[in-house]
Amino acid sequence: MPPACRSALAAAIVLGCAAAPAARAAEDSAATPPPVAAAAYPEPAAAAAEAPAPDYTLTTNVGLFSQYVFRGISYTQEKPAVQGGADFAHSSGLYAGIWGSNVSSKAINEAVGEIDVYGGWAPTVGDFTFDIGLLRFNFPDSTYPGTGEDYDTTEAYVGVTWKFVKLKYSRTLTDYFGFNDKTFGPAGNGDSDGSQYIDLSLNYAFDGGWGVDAHVGHQKVHHYGDYDFTDYRIGASKDLGAGWKASVGWITTTADSDLYTIDGTDTSANKWVASIVRTF
């Protein structure tokens, strides 16, 4: 359902200067200027002061994916997806963002899109970055047939990153994508708020713009244990420069294929996912 993966925020400001050839030629042929003249025309390197880092950054991204996969499950019935978002980050560690993707109306009844909003605080202490926030999954105009219940879900999360290793824990504050007595009917076991997801991810960058990633996560659906599963991913990426990044990954899950087969498509099956993303 929501997002995979979202992009890291960074900004760099480079200041440069160059001396004009004509001015250098004139300097070579002239007498040494008096001290007053030297003070009036300082060397460019001495005059240029390093600009302070900005208090905030704003980045946007758009990408084409071979399919939309969230926690190992395909939500476009193995069809391509166009995804994009915008992220704001402040030097204090506060951040907020919005992200969207097309989805299959078969996977999410009557839905054609997903819009997620999130925000939190991620301070850095030494090699560690801590993260606490809220994430809201929205599926406009999408409801379970005959119930009026929607798929919209809110999660709270905490996480910690050390260099290239990240551990994150998420817990739903609402029903887990609409799982409750109304949507399940006689098979219902109550509400599903308090569902949990924990994931461990590794992202290691090599010289030349290459990177590798690995992930394992476990989804526990409160009161609906038959829908629990573990998902795995291994992948590689290449920074192509100018904001472009290509990646490919292999994904598998332990989900019950009978429960996750929709209109003849096993959305939990082994799959390859390729993408090309442009960050601005």
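Restricting to region 114-142, what's the tally of residues that are surrounded by fewer than 18 Cβ atoms within 10 Å (Cβ to Cβ), under 29 Å from Thr76 (Cβ atoms) and either among the aromatic types (Phe, Trp, Tyr) or over 17 Å from the mean Cα position of the chain (by Cα) (or both)?
Qualifying residue count, region 114-142: 2.
Within region 177-190, identify whether any single residue is acidic (Asp, Glu) and either closer than 18 Å to Tyr118 by Cα or in contact (Cβ under 8 Å) with a residue 12 or more places away in the chain (or both), and answer yes or no.
No - not one qualifying residue is present in region 177-190.
When residues of region 143-162 are filtered for being under 17 Å from Gly93 (Cα atoms) and surrounded by fewer than 13 Cβ atoms within 10 Å (Cβ to Cβ), how many remain?
Residues in region 143-162 being under 17 Å from Gly93 (Cα atoms) and surrounded by fewer than 13 Cβ atoms within 10 Å (Cβ to Cβ): 1 in total.
Mind telling me which of the residues Thr174, Thr124, Thr143, Thr129 ends up being of a type in the set (Ser, Thr, Tyr) and either touching a His at 6+ places or on another chain (Cβ under 8 Å) or modelled with pLDDT under 95 (or both)? Before the answer, list the steps.
Working: Thr174 fails: either touching a His at 6+ places or on another chain (Cβ under 8 Å) or modelled with pLDDT under 95 (or both); Thr124 fails: either touching a His at 6+ places or on another chain (Cβ under 8 Å) or modelled with pLDDT under 95 (or both); Thr129 fails: either touching a His at 6+ places or on another chain (Cβ under 8 Å) or modelled with pLDDT under 95 (or both).
Checking each option against the conditions leaves just Thr143.
Taking region 66-113 as the region of interest, how many residues are over 18 Å from the mean Cα position of the chain (by Cα), more than 19 Å from Pro140 (Cβ to Cβ) and among the acidic types (Asp, Glu)?
Adding up the residues that qualify gives 1.
Taking region 202-214 only, how many residues are touching a Gly at 6+ places or on another chain (Cβ under 8 Å) and buried (at least 17 other Cβ atoms within 10 Å of the Cβ)?
Result for region 202-214: 2.
Residue check, Glu78 against (1) out of contact with any Phe, Trp or Tyr (no Cβ under 6 Å at 6 or more places or on another chain); (2) assigned to a strand (DSSP E or B); (3) surrounded by 15 or more Cβ atoms within 10 Å (Cβ to Cβ), all met but one. Which one?
The single condition Glu78 does not satisfy is (2).
Could you give every pair whose Cβ atoms fall below 9 Å, whose first residue belongs to region 45-61 and is under 23 Å from Thr279 (Cα atoms) and of a type in the set (Asp, Glu), and whose second residue is assigned to a loop (DSSP other than H, G, I, E, B) and modelled with pLDDT of 90 or more, counting only separations of at least 6 or pairs across chains?
Cβ pairs passing all conditions: Asp55/Ser91; Asp55/Ser92.
Does Ala107 qualify as being crowded, with 19+ Cβ neighbours inside 10 Å, free of Cβ contacts under 8 Å to residues at least 24 places away in the same chain and not aromatic (Phe, Trp, Tyr)?
So Ala107 does not fit the description; no.
The values are calculated or read from the model by the stated rules, or taken from the named source; none is laboratory data. Because the structure is a prediction, the values reported are computed rather than measured. Quick reminder, even Gly has a Cβ in these numbers, built from the backbone with ideal geometry, and neighbours come from all protein chains shown.
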